[in-house]
Amino acid sequence: MRLRLLAAAAFAAPVLAFAQAPAQPEAPPAKSADKPAAKAAGKAKPATGAIATVNGVAVPRSRADLMMRQQAARGGQDNDQMRALMREELINRELISQEAARTGIAKTPDVQAQLDLVRQEIVVGAYIRDWVAKHPISDADVQKEYDKAKAQAGDKEYRARHILLETEDQAKGMIAELKKGAKFDELATKNSKDGGTATRGGDLDWNVPGAYDKAFSDAMVKLEKGKFTESPVQTRFGYHVILLEDIRPVKFPTLAEVKPRLQQQLVQGKIEELVKGLRAKAKIE
């Protein structure tokens, strides 16, 4: 579980004191006790080592470096003041962690389960990022997916309404009402089982045929503007009566506009294939 930075008031004095502290002369080798203060002041530091020791337990510099990277990813700055704040935060965390260990709470089943879950999430995330980096999506892959989507979309989009019924006889009854002059939107509002469109009079807005079940789209594209299907159209959802209101040329986005989304879809597809492959080889009981 991520801990937020402790209250700003808890760190205001140390940070302010640090920020305003005058530069200290370099300590002679014999006075090694002065070195931690110099480190806390943000001077050049080795890549390894500790930023502090709390009750004899070292707080590793790698932990502070990781927190700084996380801050930078959220738009934070990497400067002396922020590093001093991070040092105090990590000291406080270490103190609380030691107290939690002393009281035994760290060994409770609930805490252990959470630790196991967080560890697994970190390991899985690291593996997936590494695997994706080693199996990158090429520009050719993106272009192929774009061309496929464009071909499926076609060159026209349709604005239609529909009334969804449970049985064929109910759909035939709606068609009979329409032939007598009933208004399509009113019938849809009163009778359609599609709760998402019934309140809009069955309006499906503009869509390409590929957005619908094949039986639905096949019937829709055969209609003339202003006409409705005179026979019920069956899909896995039930029986439809369809009204075609308008047709227009499709405005398909450019490759540049959808490239990031296509890349994400392709990456997700590769990850799904990876998982399928692992499951196929695994013994799962």
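Considering only residues that are in a helix (DSSP H, G or I) and either open to solvent by 70 Å² or more (accessible area, probe 1.4 Å) or modelled with pLDDT under 90 (or both), which ones fall in the stretch 46-70? Answer for the stretch 46-70, where residues must be in a helix (DSSP H, G or I) and either open to solvent by 70 Å² or more (accessible area, probe 1.4 Å) or modelled with pLDDT under 90 (or both): Ser62, Arg63, Leu66, Arg69, Gln70.
Cβ-Cβ distances below 6 Å connect the following pairs, each with a first residue in the stretch 219-246 that is of a type in the set (Ser, Thr, Tyr), a second residue that is in a loop (DSSP other than H, G, I, E, B), and a separation of six or more residues or different chains: Thr235/Asp213; Tyr239/Pro232. Can you find even one residue in the stretch 247-262 that is more than 32 Å from the chain's Cα centre (by Cα) and surrounded by 10 or more Cβ atoms within 10 Å (Cβ to Cβ)? Within the stretch 247-262, one or more residues are more than 32 Å from the chain's Cα centre (by Cα) and surrounded by 10 or more Cβ atoms within 10 Å (Cβ to Cβ).
Just to be sure, is Lys283 among the basic types (Lys, Arg) and open to solvent by 70 Å² or more (accessible area, probe 1.4 Å)? It is true that Lys283 is among the basic types (Lys, Arg) and open to solvent by 70 Å² or more (accessible area, probe 1.4 Å). Do we find that Gly196 is touching a residue at least 40 places away in the same chain (Cβ under 8 Å) and not in a strand (DSSP E or B) in this structure? Criteria not met by Gly196.
Contact map, the stretch 48-60: residues that are in contact (Cβ under 8 Å) with a residue 24 or more places away in the chain and over 16 Å from Met86 (Cβ atoms) paired with residues that are basic (Lys, Arg) and open to solvent by less than 50 Å² (accessible area, probe 1.4 Å), Cβ distance under 8 Å, separation 6+ or inter-chain. No pairs are found.
Take Glu166 and decide whether it is surrounded by fewer than 14 Cβ atoms within 10 Å (Cβ to Cβ) and more than 27 Å from Ala50 (Cβ to Cβ). It is true that Glu166 is surrounded by fewer than 14 Cβ atoms within 10 Å (Cβ to Cβ) and more than 27 Å from Ala50 (Cβ to Cβ).
Hey, does the stretch 85-101 have a residue that's modelled with pLDDT of 95 or more, more than 25 Å from the chain's Cα centre (by Cα), open to solvent by 90 Å² or more (accessible area, probe 1.4 Å) and farther than 22 Å from Pro260 by Cα? The answer is yes, given that some residue of the stretch 85-101 is modelled with pLDDT of 95 or more, more than 25 Å from the chain's Cα centre (by Cα), open to solvent by 90 Å² or more (accessible area, probe 1.4 Å) and farther than 22 Å from Pro260 by Cα. Ala171 meets each of the listed conditions (1) surrounded by fewer than 15 Cβ atoms within 10 Å (Cβ to Cβ); (2) touching a residue at least 24 places away in the same chain (Cβ under 8 Å); (3) hydrophobic (A, V, I, L, M, F, W, C) apart from (1). Of the candidates Asp80, Asp116, the single residue that is exposed (fewer than 11 other Cβ atoms within 10 Å of the Cβ) and acidic (Asp, Glu) is Asp116. Applying the condition of being in a strand (DSSP E or B) and open to solvent by 40 Å² or more (accessible area, probe 1.4 Å) to the stretch 208-246 and asking which residue is farthest from Ile163 (Cα to Cα) yields Asp246.
If you go through the stretch 207-233 and keep only what is over 19 Å from Ala171 (Cα atoms), among the hydrophobic types (A, V, I, L, M, F, W, C) and at pLDDT 95 or above, you end up with just Val221.
The values are calculated or read from the model by the stated rules, or taken from the named source; none is laboratory data. Please read these numbers as outputs of a predicted model, since none were measured by experiment. Every residue, glycine among them, receives a Cβ derived from its backbone with ideal geometry; neighbour counts consider all protein chains shown. Surface areas here come from the heavy atoms of the whole protein model, side chains and all, with no ligands, DNA or RNA. Shrake-Rupley method; radii C 1.70, N 1.55, O 1.52, S 1.80 Å.
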